[in-house]
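Asks: First, the structure itself, so that you have it in front of you.
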Amino acid sequence: MRHIILKDKKITQLAFQKWKLEDIAFWEKYLGITPTYEVVTTDYSDYPTYIDSDGDIRPTNAYLQKLNDLAIKRDGDFGTDFVMVMIHEDNWRSDTDTTKGIWGTNYSYVFGKQCLEYCRWDRDNEANTFGTAYHERHHSFDAIIKVETGVDIQPLLEVKKYDHEITHGNNPRWKYIRYKENLDSLKIMKPYLQTAFQTRKNKHEEVAKGLMQTIIKLATQVIYLLKMKQNMKNGVPKVTT
Ligand SMILES: [Zn+2]
């Protein structure tokens, strides 16, 4: 469970550190996974939005695509599992309409071979920040399990609409995720998520190994060409006395 966090520069280092420690402890406890986080400080003081068919204010897909491309540039497609766009409440533009608003959106495999989470960072309520980041990643788990392991997790959770029934709690067994709800769903998904994240990590390592082998092959060729050049001769050199 590897993250690239595109952290709003308005979020203090101290607040971020606190969230990170709580996040690590949570996934360790419920999935048996120790997540990693790579932080890229990002300026969200002005970002492009549009109003969708439901009337929600959303960042443009072109903008999110640009963020995703930027995030995966260094380590490639399988270098991370999540790209998290974490935007401070002061810069958050998806609830500027006073009648309605959204605090986040999950985009599973929309902008690349990763999941992107658009999340609001609450100015002074840590539980809200934690809940939003958990909620959006929870949305992606059924897709991650399906893509990486081929397993449809819905029958195992006894639901037909994962997002609607579990993440949004429209089922007597489950609650809308605001903070740390639906832990039992994590218990059921645990072995599948462990396999899924491990599979992605292995893929990343294979790519890195392949690249290293290519470099070694090229270096060997260069050395050979150098030796050729140093030992080139035409006929028998004349012995001068
Ligand atoms: Zn949701």
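Asks: With a probe of 1.4 Å, find how much accessible area the chain has per residue, and write the answer as a whole number in Å².
Replies: 57
Asks: Okay, next question. What percent does the relative contact order of the chain come to when contacts are Cα pairs within less than 8 Å and at least six residues apart?
Replies: 17
Asks: So how exposed is K113, as accessible area in Å² (1.4 Å probe, rounded to 10)?
Replies: Near enough 100 Å² of accessible area.
Asks: Structure shown: which of K73/K175; K20/K66; K66/K175; K73/K160; K18/K160; K29/K203 lie over 32 Å apart, alpha-carbon to alpha-carbon?
Replies: Listed pairs above 32 Å: K73/K175; K66/K175; K73/K160; K18/K160.
Asks: Quickly rank 133-141, 3-11, 26-34 as a protection proxy: mean count of other C-beta atoms within 10 Å, highest first.
Replies: Taking the mean over residues of other Cβ atoms within 10 Å, the ranking is 133-141, 3-11, 26-34.
Asks: Mind giving me the nanometre distance, one decimal, between the label points for K187 and D95, set 7 Å out from Cα along Cα→Cβ?
Replies: Label-label distance for K187 and D95, simple model: 3.1 nm.
Asks: If you don't mind, there's one more thing I want to ask. Residue by residue through segment 32-44, what is 3J(HN,Hα) from phi via Karplus (6.51 cos²θ - 1.76 cosθ + 1.60, θ = phi - 60°)? Round to whole Hz and write x for glycine and proline.
Replies: Taking θ as phi minus 60°, the curve returns x, 10, 9, x, 10, 9, 10, 9, 10, 5, 10, 9, 10 Hz for segment 32-44.
Asks: Shifting gears a bit: Among DSSP bridges having both ends in segment 2-204, what percentage is antiparallel? Round to the nearest 5.
Replies: If I count the DSSP bridges inside segment 2-204, around 35 percent turn out antiparallel.
Asks: Keeping the other protein chains in place, figure out the carbon and sulfur percent of the accessible area of segment 99-241, with a 1.4 Å probe.
Replies: Answer for segment 99-241: carbon and sulfur cover 57 percent of the accessible area.
The values are calculated or read from the model by the stated rules, or taken from the named source; none is laboratory data. The structure presented is a predicted model; accordingly, all values stated were derived computationally and were not measured. Neighbour counts are summed over all protein chains in view; Cβ atoms, including those assigned to glycine, are modelled from backbone coordinates with ideal geometry. Remember, those area values only see protein heavy atoms, side chains included, never the ligands or the DNA or RNA. Shrake-Rupley method; radii C 1.70, N 1.55, O 1.52, S 1.80 Å.
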